[in-house]
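Here is the structure we will look at, set down as structure tokens.
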Amino acid sequence: MAAFLFLHLTLLFLLAGPATLQNPGPAEPDLLDRSADFGARLYRAVAGRTDNNVLLAPLAVFAGMLALVSGTGGSTQNQLLQGLTLTGLDPQILPDQFQALRNAVLQPGLSLQQGAALFLDQSFQAPPSFQDLVQTKYGGQTQSVSFSNLADAQDVINRWVQDQTQHQVQNLLGALDRQTQLLLVSAAAYQMRFSPPFNASLTQVERFYVDRYHVAMVPMMFRADKYFLAYDGGVKAGVLKLPMADGAAMLVVLPDEDVDLTAVEEEVTSEKIRAWVRQLKKTKLEVQLPVFLLKRSYALKDVLQALYVTQVFQDGADFSSMGRASGPSLSQVYHASVVSMDESSDDGGSGGGATAFSSPPPRLTFNRPFIFIIYQQASGSLLLMGRVANPTEN
């Protein structure tokens with residue numbers, strides 16, 4: 001794309017004024033960094049297994065995994081800490097640390113709904129103290145179900161996911177195993193509301209180049225304004241920041257035309273994300289972004305095992321903090337998330353128009369696969385990470 005090539009060659013002349021992450025406030029900064037590390041590792045592991053759209057809510061998954069840390073002991077707990085990049089942190093104070101993190105991140109007005117739940121077979125009763133800890137510290141819940149009645153158990157879990165995703169994900173679970181005793185499920189839903197919003201009257205249907213052989217026609221939003229922008233010469237990708245009305249922001253990462261998206265994804269770490277934010281500078285731009293709705297769900301057992309979380313899935317796992325010194329094993333970790341990007345605005349109006357400039361600024365058009373990262377600006381916490389390979393597919 002000629003306009004984008006011109007754009008990144010002239011950044012030194014156009015850009016001014018850095019944008020940086022703010023301090024995390026009352027949240028534990030070490031745990032915040034560790035959660036971001038885990039989120040980036042999880043994203044790379046999931047993205048490396050598919051060419052399709054990807055969507056994860058790292059904080060929701062992290063909350064559920066921390067509940068497991070608090071429910072386990074011995075080598076099972078130690079391995080969980082290693083897999084979650086939490087080595088060196090005291091598991092006894094993790095609940096209070098995460099509660100501080102949650103309170104700092106999930107501020108009133110944030111358009112993110114998320115939750116995590118442990119579904120236990122009726123034969124396995126977790127003590128009330130553990131149930132209270134999961135609810136008060138991790139914002140989750142424990143729920144007793146009868147896995148001997150597979151249809152009822154499936155219905156209970158699917159209805160919980162529907163509630164967490166604003167009924168966008170209807171049937172997370174298919175067939176269940178009668179031997180199931182414990183499942184971890186997390187879910188999240190987010191509606192992007194840009195500040196300033198895009199004007200729906202300027203949206204036009206245009207081409208999106210899925211790959212060199214496939215083109216999709218998609219509604220493409222448009223706005224001319226001053227944006228925060230960076231160019232990473234190491235991975236050959238532009239990074240655009242779009243603020244949200246709720247205090248979150250989205251980084252949209254677009255590789256150069258001759259660069260494979262997966263090559264950029266392999267470099268996405270928490271430190272790389274922080275570096276992108278530090279490098280952002282304001283410049284005049286015309287931006288075109290596709291409208292999309294992503295609904296993704298995953299069974300994460302294999303992914304987590306690839307991240308060296310294995311013992312919790314094995315017979316004899318130590319769930320002593322949940323009342324069982326040996327067993328049950330965790331059968332599966334499920335995750336579902338939904339994100340919507342369109343011209344929606346909180347004021348109910350048509351959104352902002354294009355800013356008038358004396359001469360047309362460079363245009364950045366997201367008309368090929370890209371990565372997006374939604375984070376809370378005050379803390380830097382990762383809320384959602386995704387890949388848009390084809391905006392016409394959920």
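Here, each number is a calculation from the coordinates, and none is a lab measurement. Please read these numbers as outputs of a predicted model, since none were measured by experiment. Glycine also receives a Cβ, built like all others from the backbone with ideal geometry; neighbour counts cover every protein chain displayed.
If packing is taken as the average number of other Cβ atoms within 10 Å across a peptide's residues, how do 365-373, 215-223 rank, most packed first?
Values: 365-373: 21.7, 215-223: 18.3.
For the peptides 365-373, 215-223, the packing ranking is 365-373, 215-223.
Just name one of F372, H335, V156: the one whose Cα is farthest towards the positive end of the charge dipole of the chain (beta-carbon charges, Lys/Arg +1, Asp/Glu -1).
Checked the options; the winner is F372.
Please give the length that would be gained between N78 and D260 if that part of the chain were fully extended, namely 0.36 nm times their separation in residues minus their C-alpha to C-alpha distance (nm, one decimal). Walk me through the intermediate numbers first.
Working: separation 182, 0.36 × 182 = 65.52 nm, distance 3.72 nm.
Fully extending the segment from N78 to D260 adds 61.8 nm.
Could you tell me which residue out of M322, L112, L242 lies farthest along the dipole of the chain toward its positive end? Charges go on the beta carbon: Lys and Arg +1, Asp and Glu -1, centred on the Cα centre.
The one lying farthest along the dipole's positive direction is L242.
With labels modelled as points extended 7 Å from the Cα through the Cβ direction, what inter-label distance (nm, one decimal) is found for R274 paired with S129?
3.6
So how far apart, in nm, are the two label points at D315 and D163 if each is 7 Å from Cα heading toward Cβ?
Here the modelled spin labels are 3.5 nm apart.
Stretch D155-L293 to full length: gain in nm at 0.36 nm per residue minus the Cα-Cα span?
Values: separation 138, 0.36 × 138 = 49.68 nm, distance 2.48 nm.
Residue separation times 0.36 nm, minus the Cα-Cα distance, leaves 47.2 nm.
Taking the DSSP beta bridges in region 71-203 as the whole, what percent of them are antiparallel, to the nearest 5? All intermediate terms of the calculation are to be shown ahead of the outcome.
Working: 9 of 14 bridges.
Rounded to the nearest five, the antiparallel share is 65 percent.
Kindly rank 175-187, 103-115 from highest to lowest mean number of other beta carbons found within 10 Å of each residue. Display every interim value, and only then the final one.
Numbers: 175-187: 19.2, 103-115: 17.4.
Highest to lowest by the protection proxy: 175-187, 103-115.
Please compare each pair in K241/K272; K236/K295; K236/K282 to a cut-off of 25 Å on the Cα-Cα distance and tell me which ones are over it.
Numbers: K241/K272 15 Å; K236/K295 29 Å; K236/K282 19 Å.
Over 25 Å apart, Cα to Cα: K236/K295.
Between N394 and M217, what is 0.36 nm times their sequence separation minus the Cα-Cα distance? Round to one decimal in nm. If you can, show how the numbers build up before the last one.
Numbers: separation 177, 0.36 × 177 = 63.72 nm, distance 1.47 nm.
Extending this stretch completely gives an extra 62.2 nm.
Filter the chain for me: DSSP H helices, axial length by Cα at least 18 angstrom, mean Kyte-Doolittle hydropathy not below 0.5. List them by residue number.
Numbers: long enough: 29-47 (27 Å, -0.13); 58-71 (20 Å, 1.91); 150-164 (21 Å, -0.64).
TM-like helix candidates: 58-71.
Which option, [x] 23; [y] 36; [z] 16, is the value of percent of Cα pairs over 37 Å apart that was calculated from these coordinates?
[x]
With each run of n ≥ 4 DSSP H residues scored as -39500 (n - 2.57), what mean residue ellipticity at 222 nm is computed for the chain after dividing by its residue count and rounding to the nearest 500 deg cm²/dmol? Don't skip to the end; give the middle numbers.
Numbers: 11 runs with 114 residues, N = 394.
Mean residue ellipticity at 222 nm (helix-derived): -8500 deg cm²/dmol.
Assuming R0 = 30 Å, what is the FRET efficiency of Q107 and R178, from their Cβ-Cβ distance, to the nearest 0.05?
Values: r = 43 Å, r/R0 = 1.42.
The formula returns an efficiency of 0.10 here.
What relative contact order, as a whole-number percentage, does region 153-229 give when Cα pairs under 8 Å and 6 or more residues apart are counted? Walk me through the intermediate numbers first.
Details: 62 pairs, mean separation 15.6, N = 77.
Dividing the mean separation by the residue count of region 153-229 yields 20 percent.
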